[in-house]
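Working notes for the structure below.
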Amino acid sequence: MWIIMPLIYFMSWRSCRRFGQAFSETASWVLGYMAATGILLLLHFGGVGMISATPDDPLQIVAIVGGFIGMAASRYFWKRRGGHLEPSRNPLTDNRWYRGVRAAVRASVSGGKSAPAKRSRSSAPTARPATPSNTTTTTTTTRSQAASRPSTAARKSSAQKWGRVVGAMMTPSDSRRKPPQ
């Protein structure tokens, strides 16, 4: 029985990602389990012959299901209060310095290279009108010039990455703000 409680707590936390609500659901599971077990004990001592009061009785599944009913009731009332709409607060990872370092590491791991950016029409090389005498040299020259110089889109994306890093560090970590509506 002692191993069930941490498992119930972990299962609650995995589904709601709030430590307080997971504790509340675990306590509700215990209350539901005890209420169902109390009903089974009353039926056993009341004279119903097909129910025994031993913990290894197959009817104890009723007590476990009673615990999950209590847990579901706790989740229902929590959602009715709007608890699931509040942003989860993790003091270790919910601050601007952690977000800034994470963005900087992500930018340095990618090595300043991002997914191929869509080129705008202004940065696309212009094709010269082809004449019979210099058809091959025009296309070769244009391709080699485009390959040798970095595109403006790549320079802009690198600047945008560091702009996001600085912006993440400067954003206040007040998670109680209401999102724009």
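A few notes on this one:
- Of all residue pairs spaced 6 or more apart or on separate chains, those with beta-carbon atoms under 6 Å, a first member in the range 60-87 that is under 15 Å from Trp13 (Cα atoms) and a second member that is among the hydroxyl-bearing types (Ser, Thr, Tyr) and assigned to a helix (DSSP H, G or I) are Met71/Ser28; Ser74/Ser24; Ser74/Ser28.
- Restricting attention to the range 37-92, the residues that are small (Gly, Ala, Ser) and part of a helix (DSSP H, G or I) add up to 9.
- Tally, over the range 29-60, of residues that are surrounded by 14 or more Cβ atoms within 10 Å (Cβ to Cβ), over 25 Å from Ala73 (Cβ atoms) and among the aromatic types (Phe, Trp, Tyr): 0
- Residue pairs whose Cβ atoms lie under 7 Å apart, separated by 6 or more positions or on different chains, with the first residue in the range 26-48 and closer than 13 Å to Val65 by Cα and the second modelled with pLDDT under 90 and crowded, with 16+ Cβ neighbours inside 10 Å, are Leu40/Ile51.
- Checked across the range 57-67, the condition of being over 30 Å from Ser28 (Cα atoms), at pLDDT below 85 and charged (D, E, K, R) holds for no residue.
- In the range 1-19, the residues that are within 18 Å of the chain's Cα centre (by Cα) and either in a helix (DSSP H, G or I) or without any contact (Cβ under 8 Å) to a residue 12 or more places away in the chain (or both): Phe10, Met11, Ser12, Trp13, Arg14, Ser15, Cys16, Phe19
- Ser24 vs. criteria polar (S, T, N, Q) and either in contact with a Gly (Cβ under 7 Å, 6 or more places away or on another chain) or loosely packed, with under 14 Cβ neighbours inside 10 Å (or both): no
The values are calculated or read from the model by the stated rules, or taken from the named source; none is laboratory data. It should be emphasised that the depicted structure is a prediction, and the values quoted were computed from it without experimental measurement. Glycine gets a Cβ as well: all are built from the backbone with ideal geometry, and neighbour counts include every protein chain shown.
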